[in-house]
Structures are given as structure tokens and as C-alpha cells.
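Colleague: Can you read through this structure? Questions will come right after.
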Amino acid sequence: MNQSNTTGINTSGNAGQAFSQLEKSIFSALERYSNVHRGSGHFSKASTHLYEKAREIVLEYLGLEKSRYQVIFLSPRRASVFSGMLKPGSYQILSGHETGLSLGVDAVIAEKAALPEGTPFETGGGTTKLYGADWVLWAGQPDRFEAGTPAIINVIAFARALQLVKRFGKDAFSKGITENPAPREILYSDEFSDLQGNDLLKALRDTMVGHDVQVPTTRGPRPFINLDNSASTPSFRPAWEAFRLSLRMDARAAMEMADEVRQVCAGFLDAPSPDFEILFTSNTTESINLAAAGLGNQPIGEMEPVILTTVLEHSSNDLPWRMVPGHTVIRLDADKDGILGMSRLDSLLSDYNEKELHGRKRIRLVTVSGASNVLGTCNDLQAISDLVHRHGALLMVDAAQLAAHRKISMAVTGIDLLALSAHKMYAPFGTGVLVARRGLLQFDETEADRINASGEANPGGIAAMGKAMLMIQRIGFDLIEQEERSLTNKALKEISGIPAIQLHGMLSANPDGLVGKTGVIGFSVKSMMPATVARMLALSGGMGVRFGCLCSHLIIKQLSGFTPFQEKFQRLIVKLVPVLNLQGIIRASFGIQNTEADVEALVAELKRITSKANGKQGDIPSDRDGSSSALIREKVVKSQLKEFIAQGERLVFG
């Protein structure tokens, strides 16, 4: 299959060459794509390297010193807000318009000494080093300013486009285009147009971008196994095609694409346009920060507003609510399986809103995750919604972990606000969504225009998200849930039989009752650090998982049995040793592309790792020629991994 097929597009001269080289570079980055900075697998390390290399390329383009300046990648709106906090003359903004492309990415280049300290302008997802229920230790620069998963592929494309502009000239991407691809054709036509259900699922698995990339392991090259889908998913091939084609759209076509994808989103989420507004953002974190800001702008009268969230939440659905002026945050507990107490929710709402036991304090909003990113638990949103609305509050759902796995009906369930990210839905091109019941978000006209313009500055990301939603609908949520449950139950059954492993959360993907879980499996290995286990899974098994606190520190501490003294001690240690990485737990998470063979590979590696750690070999595949030889092979593979990363840089940036 030709990755750079340009059917229906005529280019000429420099534009043709520039687009051709850019497409090859982006595709090479996609083949190695995973979430950055906190993953253990080959792809995460490769993507992290490319993302950080993009900062260097921006500085090289401007002729600035790396030792003095910091590059921060932001959406246009975020860049505008952030630059307003900086001293004039200490920064500059390199807009995406510099390349002639609309990628939804701006680079703020600031003097390191001029970057602000304290609470960042947006919070959640990667902006913290450690946090508790009522305190936060913020991350260093630039992480504290890039809230949530960044638009990794778009940033890499932005940097590569700067290189090509230098080579081919300022008009490299704006001249020579003689045809505009039609938005509806991009969305509704593809090589799999005649496939549905299981046939489409198989076709997408077989063509998933990066599915056949070999990575070095201690037992030779192997196809990479992505078990980190909760962090970010690979790209559907048709989503990549939608992104690629949309790079060539003019402003009119881009506007048509945004309007059409809003309708796709409305159908996907059952959020009818007369009742809900849909805003495009850069990720879930930006969406929730916008929801918090919009809610904070609403008049509150004489009440003292309270926001009720839960201990399960990702930091992106916790920290932004702490920043809403004049609002108090309280939390609902969850048990060890991640199940929320419905009776406790009922009593809290009643105590605050009917019995008025807390003076003028009223619970105004309840905000919950649709599925836990740590345990996979899917609490009953319908039951939660019924209680919340019965007591006169609003319901917000962080659907980042839910939208690709379960059918959502905002109209039927009664969800008032919802946020999601396309990078967890097989379209990792820097687009998120905030859906809100009309009238809830209070922004003045200027701010509303800025929000809309910023989100729509990434037409390729919008197109890819719309395409991915349509693909998921054509597969069908019933089939997706069935496949996911089969893999999860197989993995849980096999892993629970390994004595050295402690599983966290439900031991079945479909227990009795209404509560289930997605394909997320959290676990710990006795007497082994999570980082060590994750590293061994990568080097010997060629698989990527995630470890640590997973941006969900409250539930991780609960699962780890932290006492108040231990939390205080942990906070002190991190203050004294800022480079310390918190270990937390290990998380494996399944996506559409995973199969039973991936589960079997994971189980075999875990058996081998734990058996080796305990000095017992038995029937587990092992290093027959001794530990010395094994250490040599591991050293060789680490060297090969460096070359794998370097090769990726050469393919992407030349």
C-alpha cells in the first residue's frame, strides 16, 4: 500500500516536493508513535526523542541557543494566554502559519530565566511531579506548561515543515496546489468503505500504522507489541489518510470539515446539535480546563459552590477544578476495585443540597471519569446521572478512557459536559473535544471566538478524529466490547495464576451487576520495582507498558496503602530529590489491534521475569548460557535500541 498516495491532488514544483517529503516524515513518526516521556517501550522512547528533537529544530530555525531558551509547544489559544504571562521582550511566538500549514501548533520560545514559577496557567496531565488531596508539587519546565498529552505528531510535523521551508522557501506549502480535497469525500470514502463489523476490524488491525515495525529484543527482532493504549493509541490507516489529505485544504474547506465533524461527533456521542455545543480543543486536559473556566464564569448568587469529584480521577479531572475561584472541591471514595459508593454519593448530595447541613455550600457539579485509567472500572453513569440531577447538580464526564470502548449517549444518560481526546481513539493528531449543554459555558464573545479559532486551526486533526469515530461506529461497540472482554478475561485469568504478581482492581471484565471494566490491567510484582519490570518487558519481549502513578496519584496511593505519614515522607523526599521518579504500579492496556497472541506473549514474559527473579527456571523460557551472557545480550539490545531511535530521527528529520 502506498503511504503517500495523492489521488485527487495535483501538486507542482516545490510544493509537490515539500508535501511528499513531509508526508514520508510524518508517516515514519507515526510508525513509531506512542505517548511521550513516561512510557517504557521502544515506541515511547522513539516518540519522546523525536518530540524533544523538535524543540532543537525550532531553536536552530531561529538561530537561538539551547542553553538560554526553552521551547514550549501549545495550541494557538494556549500560546496566547501563556505569552500574556511573560515579560515583553523575553519571548517570541513561532506560529504554525510560518510554515503555510494549519497544524494547530504554536511554539513559544522564551528565555528560561523568564518562565513563571508557581501554579501553571492550565493544570492536569503531566504538569505535576506529585500531588495529594490538598497540595501539589509542580513539574519543572517545560512540562508544567504543556498540560495533557501534547500534539506529538503535529509538533514533529511542524518542526519538519520548518526544515523544508528553509530548503524550498516560504511558499513551499502554499503554492502549486491546484485541487482541494472535498471534506465529505475524506470522511466517508476510503479503501475499506465496503467493510463493516468483524471484517473491518480485521482490516484495520492488519493495516494499523506501525503494526509491522520490528524492534530489537534479547531474543532477536520482534514486531512491537503495544500494551499502552490507555496512554495513546496508534493510528488507523484511514485516519492517517484523512489527516494527510486535510493538510491541503484551504480555509473554506477546513471550515466545512469542522462543521461536518461536529455532526459526526454529535452522532457518535448522541449529543443533538440543538441541545449541545461542540468545541474542538487540543486534548482532554484543555477541554476540562475550559469547562472549569466556563463554569467559573457563571453567576452563583448567594450560594458557596462545591464541586464533587472522586479519588479515581486522572489529574486532568482533578486539578483544574481546584483552580475555579470561589469553589470548594470534595471527593467521593471508591473501593479497591474502583467502584464508587452510590449511597454515599446520594447522601452527600442530599446533605449539601437539600438538608443544607453545610451552610450555604451547595454541590453544583459532579465530575467523574467514564472509565478509570488505572483500573479500567466503568461506573454506572446512568445511575450517577439520575442521582446528580435529582439533587439539582450538573454532571461532567471525563470520557478520555471510555469513548473508544463503550457507546456513550449524552442525551439518554443526561450528561451535561463531556471531554475526550482523539489520540486515545486511533487518531493521534492533536485534537480533543469539549461537549457542553447549551448555555452552560459562559465566555464573552472575544474569548469564545479565540477558543473556536484555536481548535479549528488543526483541520487535519479534526478530520482524523471524525474518520476514527466513523470507523469505530462501523465496527460496532458490541463487537469492540466483546473482543476487549475476551482479551481482558484471558489476561486476568493467566496473570492471577502467577504467585509473584498482585493484580489491582476487578478480576473479571464482566462481573455480576452493571459495573464492568475496559481492557486496563494494573498490577505489581512482589520484590521488583515497576520500572524494572517495564524495562524487562521491553528489552526481552518487545512490548510497551506504562508504570508509575499514571497521573492519578490519589487512587495509586490508596491502592498502595499509603498512610498520612508515608505521604508526608514521600512529599519530603521528592522535594529533596526532584529527579526521583515515583514507582506506583505497572499498567497494561489493550486496544483494537491487540490479539490473544499479545496476551500470551505478555503472560509468558511475566512468568519468565518473575521466575528468573525468584531463581526458578522450570519450564519458563530462559537464558540457557548463564546470567553473564544474558547481561551481555541486554547491553547489546540497549545499544540496538539507541540505533532504533537514531534511525527514527534520520527517517523523520533527515
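Colleague: On the Cα set of segment 477-626, report Rg and Dmax in Å, please.
Modeller: 16.8, 51
Colleague: So, one more: Using θ = phi - 60° and the Karplus curve 6.51 cos²θ - 1.76 cosθ + 1.60, what whole-Hz ³J(HN,Hα) does each residue of segment 348-362 get, with Gly and Pro shown as x?
Modeller: 4, 4, 5, 4, 7, 9, 10, 6, 6, 6, 10, x, 8, 6, 9
Colleague: With 5 Å bins from zero, work out the P(r) of segment 421-502 over every alpha carbon pair and list the percent per bin.
Modeller: Calculated P(r), rounded to whole percents: 3, 12, 13, 14, 13, 12, 10, 9, 6, 5, 3, 1.
Colleague: For the chain, what does -39500 (n - 2.57) per DSSP helix run (n ≥ 4), summed and divided by total residues, give at 222 nm, in deg cm²/dmol to the nearest 500?
Modeller: -13500 deg cm²/dmol
Colleague: Here's a follow-up. Enter the mean projected area of the convex hull around the alpha-carbon atoms of segment 270-466, in nm², rounded to one decimal.
Modeller: Taking the Cα atoms of segment 270-466, their convex hull projects to 10.7 nm² on average.
Colleague: To the nearest whole percent, what portion of all C-alpha pairs in segment 314-390 is separated by more than 16 angstrom?
Modeller: 55 percent
Colleague: Per residue of segment 565-577, what does 6.51 cos²θ - 1.76 cosθ + 1.60 with θ = phi - 60° give for ³J(HN,Hα)? Whole Hz please, x for Gly and Pro, Karplus curve as stated.
Modeller: 5, 4, 5, 5, 5, 4, 4, 5, 4, 5, 5, 6, 10
Colleague: Moving to a separate point now. Once fully extended, how much extra length lies between E596 and L631, figured as 0.36 nm per residue of separation less the alpha-carbon to alpha-carbon distance?
Modeller: Working: separation 35, 0.36 × 35 = 12.60 nm, distance 3.00 nm.
9.6 nm is the gain from fully extending E596 to L631.
Colleague: Just the C-alpha atoms of segment 25-115: what Rg/Rh do they give, with Rh taken as the Kirkwood radius?
Modeller: When Rh is taken as the Kirkwood radius, the ratio is 1.00.
Colleague: Next question. Answer with one residue from V81, I109, H423: the one whose Cα lies farthest towards the positive end of the charge dipole of the chain, charges on Cβ with Lys, Arg +1 and Asp, Glu -1.
Modeller: I109
Colleague: Could you sort the peptides 19-29, 326-336, 413-423, 247-257 by per-residue average Cβ neighbour count (10 Å cutoff), highest mean leading?
Modeller: Going by the mean number of other Cβ atoms within 10 Å, highest first, we get 413-423, 19-29, 247-257, 326-336.
Colleague: Here's another thing I want to ask about it. At a threshold of 8 angstrom on Cα-Cα distance, excluding pairs fewer than six apart, so keeping six or more, what relative contact order does the chain reach in percent?
Modeller: 19 percent
Colleague: For segment 66-174, report the % of Cα-Cα distances exceeding 16 Å.
Modeller: Value for segment 66-174: 61 percent of Cα pairs lie more than 16 Å apart.
Colleague: Another question, then. How large is the convex hull of the Cα atoms of segment 377-524 per residue, expressed in Å³ as a whole number? Don't jump to the answer; show the numbers that get you there.
Modeller: Working: hull volume 21.1 nm³, N = 148.
Roughly 143 Å³ of hull volume per residue.
Colleague: Compute the separation of the alpha-carbon centres of segment 417-463 and segment 129-186 and state it in Å as a whole number.
Modeller: Cα centroid to Cα centroid, the span is 15 Å.
Colleague: Hey, another quick one. In whole angstrom, note down how far apart the Cα centers of segment 550-567 and segment 342-406 are.
Modeller: 22 Å
Colleague: Would you work out which of F565, P320, S409 lies farthest towards the positive end of the dipole of the chain? Charges go on Cβ: Lys and Arg +1, Asp and Glu -1.
Modeller: F565
Colleague: Give me the one-decimal Kirkwood hydrodynamic radius in Å for the chain, with the sum taken over alpha-carbon pairs.
Modeller: Kirkwood hydrodynamic radius for the chain: 25.3 Å.
Any read-out appearing in this document is the output of simple, stated calculations on the displayed coordinates, not a laboratory observation. Note that the structure is a prediction, hence the values are computed from the model and not measured. So basically every Cβ, Gly included, is an ideal-geometry build from the backbone, and we count neighbours across all protein chains shown.
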